[in-house]
Each structure stands twice: as structure tokens, then as C-alpha cells.
Amino acid sequence: KIKQWASLGSPNGSHFEAILDAEESWRCGRVNAAIDEYSNGIKLAKRRQFVHFQALANERLGALLLECNGEGESSWAAKQCFVEALRLYRKWGAARKAELLQQQIHMAFQ
């Protein structure tokens, strides 16, 4: 159904489709495709000013980067994604989600 909405040009479909495609790519081990799809989802959500989807995609991209190689540049990039997700969740007004993510960030990068 989401793919159908996106193909019809629905503003509620394209970013969500990209995020779901990223999840599927990650699950199937296509890491580079997942990174590209999350990045596209972030870009599309930002264009439509869907702050909560920007936050979600940043959080998931951070988790992917941390899982794949939690050292060096990947670790730095993952932390940047998490920090951006945290900022966006707060902007959206999801204080409890931001609090939980802050705890996860602290535990992952202590």
C-alpha cells in the first residue's frame, strides 16, 4: 500500500517507503543500500518537514552504522546520527523518546 501511495505521488509515501526499504535492505545484509535508503528517507522527510520521520531514520541509520562497524569513522557517523535524532525528537516534542535515546547514546558511547 505504501509503495502505491508513493507511486501516486502522495507526500505521505515516499519518505516512508525509503525508510522501509532501508529496513529490508539491512535485514537482508545489503548495508550500502540500507545506508543510501535511510539517507534518502531523511532527505525526503526533511523536504516535507516530517520531523518525526527524520528522527526515526537518523536513529535507525545510527544503529546500522554502529552495528556494522562501531569503531573509527563509523562510530563518529553513528553518534552524529543519534545526536541529530535526539535533536529532532526534542523538536517534535517527544520528550520521553528523547530521554530514552539519550540513555542509549550514553551507554553506546561511554
* Mind checking which pairs have a first residue in the stretch 39-51 that is closer than 15 Å to residue 20 by Cα and a second that is open to solvent by less than 50 Å² (accessible area, probe 1.4 Å) and of a type in the set (Phe, Trp, Tyr), Cβ under 8 Å, 6 or more apart or different chains? -> 41/53; 45/53
* Asked: Taking the stretch 4-28 only, how many residues are exposed (fewer than 13 other Cβ atoms within 10 Å of the Cβ), modelled with pLDDT under 95 and part of a helix (DSSP H, G or I)?
  -> 2
* To do: May I ask you to say which residue of 48, 60, 96 is open to solvent by 30 Å² or more (accessible area, probe 1.4 Å) and under 15 Å from the mean Cα position of the chain (by Cα)?
  => 60
* To do: Would you be able to tell me the number of residues in the stretch 65-80 that are closer than 14 Å to residue 102 by Cβ and either open to solvent by less than 40 Å² (accessible area, probe 1.4 Å) or at pLDDT 95 or above (or both)?
  => 0
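The values are calculated or read from the model by the stated rules, or taken from the named source; none is laboratory data. This is a predicted model, so every value here is computed, not measured. Heads up, the Cβs are rebuilt from the backbone with ideal geometry, glycines too, and the neighbour counts pull from every protein chain shown. Note: accessible area is taken over every heavy atom of the protein model, side chains too, but ligands, DNA and RNA are not part of it. Shrake-Rupley method; radii C 1.70, N 1.55, O 1.52, S 1.80 Å.
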